[in-house]
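Read the structure below first, then the notes.
The values are calculated or read from the model by the stated rules, or taken from the named source; none is laboratory data. Computed from a predicted structure; not experimentally measured. Ideal geometry is used to build each Cβ from the backbone, glycine not excepted, and the neighbour counts take in all protein chains shown. For the accessible areas, the whole protein counts, side chains as well, though only heavy atoms, and no ligand, DNA or RNA atoms are used. Shrake-Rupley method; radii C 1.70, N 1.55, O 1.52, S 1.80 Å.
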Amino acid sequence: MSPYTLSMLMSSLAVGTTTTLLSYHWFLAWMGLEINTLAIVPLMTKMHHPRATESATKYFLTQATASALILFSTIMNAWVTGEWTIIDMNHYTSTTILTIALAIKLGIAPFHLWLPDVLQGLNMMTCLILSTWQKLAPMALLILTSHQLNTNLLAVMALMSMILGGWGGLNQTQTRKIMAYSSIAHLGWMTMIVSFAPNLALLNLLVYIILTSSMFMTLMTMSATNMNKLSASWLKTPTLAALTMIVLMALGGLPPTSGFLPKWLILQEMTKQHLNILSITMAMSALLSLFFYLRLSYAISMTSPPHISNSNLSWRKKNNLQIIPMMIVLSTMMMPMTPTLLVMN
């Protein structure tokens, strides 16, 4: 792809997300979402492969359906209440349709089936953009309207996302599909807490973006698209392979990594709301996700690829992603911020 075309598409992505984040009128927010969708589709098809074309088609149809539902719900709300502002969604049917539309946009269960298939057909950089940057605008709308959305519906979808996100990743061997199910599970945690403490949902989104970016960047550096290639990574980049296991533990939410921070605060807030059974179910569902993170760690550290070279030295690629060390540090060392966050909360 031409650098000029790439810069134009990346600028459009930035403009679309910024437009949605800064808007107070539903039509302007909808325009930002549409710019985002139209800018990411050419990036998805730049590989000129049938699977990439299939992924782009699935993504476009899914996002177009969600955008149409958002527009329909806002028009219905404007018809009933006369309000177009984002924070004034007072019509019950409109808020229910909006909840479903944002769930489709984000890939929250039971509207999650498009996400693993789409990510599997893309290259790692586009997967990174799709899993992080493309979540910002819909999640911002979800946080802005969280006090008006159907809490019971959000809780059911969030619990389904946690369970299905962990369950779906158990028998996967492709790293992109594993990261897709990881994204679904993390979105479940954000959706669950957004009605009770939107600031914790925002913190979880920040930590999720840091962890997912770190993982995709390490996978790009190691060129690991499946578990067999991941098992050979210690020959190519031994230091990065060791750090990758720490990032995987952070994704699983083990202390003292950064991934433990939002889960701890969310479970604390849920118990304050006297939702003890729901909190126990959430904690148990996190074990499903932890299993396939441990499975990836096992593949990196304790398995050897077939037909291994007898030479002591292996071909090692030069790392062009200089931001990886900083991202890994953020993935592992944010726990000391907890007292400050609790005071701010």
ask   = How much mean residue ellipticity at 222 nm does the chain get from its helices, if each DSSP H run of length 4 or more adds -39500 (n - 2.57) and you divide by all residues, to the nearest 500 deg cm²/dmol?
value = -24000 deg cm²/dmol
Spin-label proximity, residue 96 to segment 151-178 - amide N less than 14 Å from point 7 Å beyond Cα toward beta carbon = 151-154
remark   = Packing-ranked peptide list from 191-197, 259-265, highest mean Cβ count within 10 angstrom first, is 191-197, 259-265
ask   = Once amide H atoms are placed 1.01 Å from N in the peptide plane, what residues at a sequence separation of 5 or more from residue 226, or on another chain, have their amide H within under 5 Å of its amide H?
value = 175
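What order do you get for 278-288, 151-161 when each peptide is scored by the mean count of other beta carbon atoms within 10 Å, highest first?
Put in order of decreasing packing, that is 151-161, 278-288.
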request  = Treating the angle as unsigned and between 0 and 90°, give the value, to the nearest 10°, between the Cα long axis of helix 260-272 and the longest Cα principal axis of the chain.
outcome  = 40 degrees
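Let me spell out the model: positive unit charges on the Cβ of Lys and Arg, negative unit charges on the Cβ of Asp and Glu, origin at the Cα centre of the chain. What dipole size does that give, in debye rounded to 20? The partial results should precede the final answer.
Details: 15 positive and 6 negative charges, 224 e Å.
So the dipole magnitude of the chain works out to roughly 1080 debye.
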key: 0 to 90° range, to nearest 10: angle between helix 175-193 axis and the chain longest Cα axis   = 40 degrees
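Report, to the nearest whole %, how much of the accessible area of segment 3-344 belongs to carbon and sulfur atoms, 1.4 Å probe, protein only. Display every interim value, and only then the final one.
Details: 10680 of 15240 Å².
Carbon-and-sulfur percentage of accessible area, whole number: 70.
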message = Past 19 Å, Cα to Cα: identify those pairs from 105/135; 135/272; 58/105, in the order given.
response = 135/272
note = Between the Cα axis of helix 151-168 and the main Cα principal axis of the chain, the angle (0 to 90°, nearest 10) is 20 degrees
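In Å², and per residue, what accessible area does segment 3-344 have when probed at 1.4 Å with the other protein chains present?
On the way: 15240 Å² over 342 residues.
Per-residue value: 45 Å².
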task = Excluding residues fewer than 8 places away in the same chain, name every one of the aspartates and glutamates whose C-alpha is closer than 16 Å to that of residue 46.
result = 54
note = Once amide hydrogens are built 1.01 Å from N within the peptide plane, the residues lying 5 or more places from residue 169 or on another chain with amide H under 5 Å from its amide H are none
